[in-house]
């Protein structure tokens, strides 16, 4: 059931360093590895190339890393919570809710700021968490989460928010607004800055810390509700806690990088294939793999379509799905 | 600064006079009624057949409505779209929603030909209209000269050649005066024109802006050719461009919105020298008979007066 996780985790860390180093070199400015090391060790903001490296490229890469890690962990938790490997982080309508929040701002507040406060991420976070709340209320019965009902509620409420978002798109009228709404929904890291990085970082840190204590409960939950209860697990409370962590993480990522698909569905699967279902290192590995996956996708996006890059949500599916199909076939044979 | 206001004022005065002049031409007697229909090829290379002297016409683009008002007999214009707001006389025409296109209402008004601009009306909509027997004529403008040619083409199709010729001659003369007023400096300031701030969209190399800013004595900061006319740019790309001038709003407005969102961009020369300007939206974005007025406005921006 379980294989040693440490070698895999170390391999992931190594890959991360390589991807970060390569990622730092891709952009409009010519940069070298010696410039990168100079910028990291003796940062001089007067040098435009160093400024670009530290203020633009590095936060972008770190946001990709955190978003990938957040979505992968969140997907892992959702799959454990409802005990269904088809679950993904957007199960509870987070993506469509976030999109609805952001579209509302794009349509009705073209200035995008109120007293200097940048609205889209806030609105997306509100939309994402608000929708999640509605789904949970509809999907729970007397304080207990009923997985099947939760899945259905997620689909239904998701359809509703998607339609409302569609209505706003229809009302948006100008081409620029339409483009903004569309591109937001495909996800991207172009607005990354040091100021926003603490939010996903803290969410991920707190989430992983809590999960460190929940490790055994998480594995018991995978045995199914009846056996987990028989083995003394407070199933209802565990599910609520997982739900809270997962939706907080997803909401944070969606608010800052848009609803990037596919990562949260697939990375948990790959994790379990490689390490087994109950390994202690599963969550850390899942986070690292998710981060690396989005780093790689962002790198490809920027290499394929400079300078702005393809929306990363397109790349995750374009490159992720063939790989996933390959794994499925290989596992089946 | 005073000179700027005065010249804009003259340009503003000039155009209604021209319009009046064209509108006052006596109509020819209807002897050409029986003339053979015109077989035309529009700017996109699409072939279409238009009556010899269309008496019911309309446009599906705000800029094209301005073109029609400058050349056509205004009584023949049967409708406008919700975005057509110039000249003021256009506001009195019935409104047809252009996006999404209200085909039923359009057909009910029985236009004999519909004019539009590339990129504004979808080819699918045009195809639908053609199937319903309404030819759609597209124009495309990449240079200021194309706008003049477009006006003359409209004049030819609508049987209003002298009016169109008169208008374009005076517009060309006006443009010549602007060119002679532009000091022949060695360095042409590089101007970045921003259309949207999130994501950052700008006027690319293959837009009319490139020619207009060149005529005004500057150059489009975006030299690279992208597939889209209005490419999305990264902050890094704009830092590297380091434009001398930015068009997109007043300095105060841009400082509190754009540069608040992207503080790293405060390093660029345009911000450091506060050469950030607002220009009239419609003059900037619409390829219309007021194009020369737009060039004049850009010239004020470039010369910094």
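The values are calculated or read from the model by the stated rules, or taken from the named source; none is laboratory data. Keep in mind that what you see is a predicted model, and the values were worked out from it rather than measured. Here Cβ is always computed from backbone atoms with ideal geometry, including for glycine, and neighbour counts include all displayed protein chains.
Taking segment A:1-84 and the helices (runs of 4 or more DSSP H) fully enclosed by it, the elements with 2 or more residues that are in contact (Cβ under 8 Å) with a residue 60 or more places away in the chain, surrounded by 20 or more Cβ atoms within 10 Å (Cβ to Cβ) and under 17 Å from the mean Cα position of the chain (by Cα) are at A:58-82.
Only one entry of B:71, B:136 meets the criterion of being modelled with pLDDT of 95 or more and in contact with a strand residue (DSSP E or B) (Cβ under 6 Å, 6 or more places away or on another chain), and that entry is B:136.
Tell me whether segment A:240-261 contains one or more residues that are at positive phi and either in a helix (DSSP H, G or I) or in contact (Cβ under 8 Å) with a residue 60 or more places away in the chain (or both). So far as segment A:240-261 goes, yes, one or more of its residues are at positive phi and either in a helix (DSSP H, G or I) or in contact (Cβ under 8 Å) with a residue 60 or more places away in the chain (or both).
Okay, residues lined up against (1) assigned by TED's automatic domain parsing to the domain that holds residue B:68; (2) touching a helix residue (DSSP H, G or I) at 6+ places or on another chain (Cβ under 6 Å):
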residue: B:157; (1), (2): yes, no
residue: B:190; (1), (2): no, no
residue: B:216; (1), (2): no, yes
residue: B:224; (1), (2): no, no
residue: B:228; (1), (2): no, no
residue: B:233; (1), (2): no, no
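Checked against (1) within 14 Å of chain A (Cβ to nearest Cβ); (2) out of contact with any strand residue (DSSP E or B) (no Cβ under 7 Å at 6 or more places or on another chain), residue B:195 passes all but a single condition, namely (2).
For segment B:87-122, residues that are touching a residue at least 40 places away in the same chain (Cβ under 8 Å), surrounded by fewer than 17 Cβ atoms within 10 Å (Cβ to Cβ) and at negative phi total 1.
Summed over segment A:304-326, the residues that are surrounded by 14 or more Cβ atoms within 10 Å (Cβ to Cβ), in a helix (DSSP H, G or I) and either within 13 Å of chain B (Cβ to nearest Cβ) or touching a residue at least 40 places away in the same chain (Cβ under 8 Å) (or both) give a count of 7. The set of residues in segment B:75-92 being assigned to a helix (DSSP H, G or I) and out of contact with any helix residue (DSSP H, G or I) (no Cβ under 6 Å at 6 or more places or on another chain) consists of B:75, B:76, B:88, B:89, B:91, B:92. Taken over segment B:70-84, the residue count meeting the criterion of being within 14 Å of chain A (Cβ to nearest Cβ) and more than 21 Å from residue B:128 (Cα to Cα) is 1. Looking across B:79, B:30, B:52, one residue alone is in contact with a strand residue (DSSP E or B) (Cβ under 8 Å, 6 or more places away or on another chain), closer than 20 Å to residue B:157 by Cβ and modelled with pLDDT under 95. It is B:52. Output yes when any residue across segment A:89-98 is under 14 Å from the mean Cα position of the chain (by Cα) and in a loop (DSSP other than H, G, I, E, B), and no when none is. Looking for residues that are under 14 Å from the mean Cα position of the chain (by Cα) and in a loop (DSSP other than H, G, I, E, B), one finds at least one in segment A:89-98, hence yes.
Pairs linking a residue in segment B:256-282 that is under 15 Å from residue B:304 (Cα atoms) to a residue that is part of a helix (DSSP H, G or I), with Cβ atoms under 6 Å and 6 or more positions apart or on different chains, are B:274/B:251; B:276/B:251; B:276/B:254; B:276/B:270; B:277/B:301; B:279/B:297.
Where helices (runs of 4 or more DSSP H) fall wholly inside segment A:113-204, the ranges with 2 or more residues that are under 21 Å from the mean Cα position of the chain (by Cα) and within 11 Å of chain B (Cβ to nearest Cβ) are A:119-139, A:175-186. In the condition set (1) within 11 Å of another protein chain (Cβ to nearest Cβ); (2) within 25 Å of residue A:50 (Cβ to Cβ), residue B:226 is compliant with all but (2).
State which residue is farthest from residue A:11 (Cα to Cα) when the search covers only segment A:237-283 and only residues that are touching a strand residue (DSSP E or B) at 6+ places or on another chain (Cβ under 9 Å) and surrounded by fewer than 18 Cβ atoms within 10 Å (Cβ to Cβ). The qualifying residue farthest from residue A:11 (Cα to Cα) is A:240.
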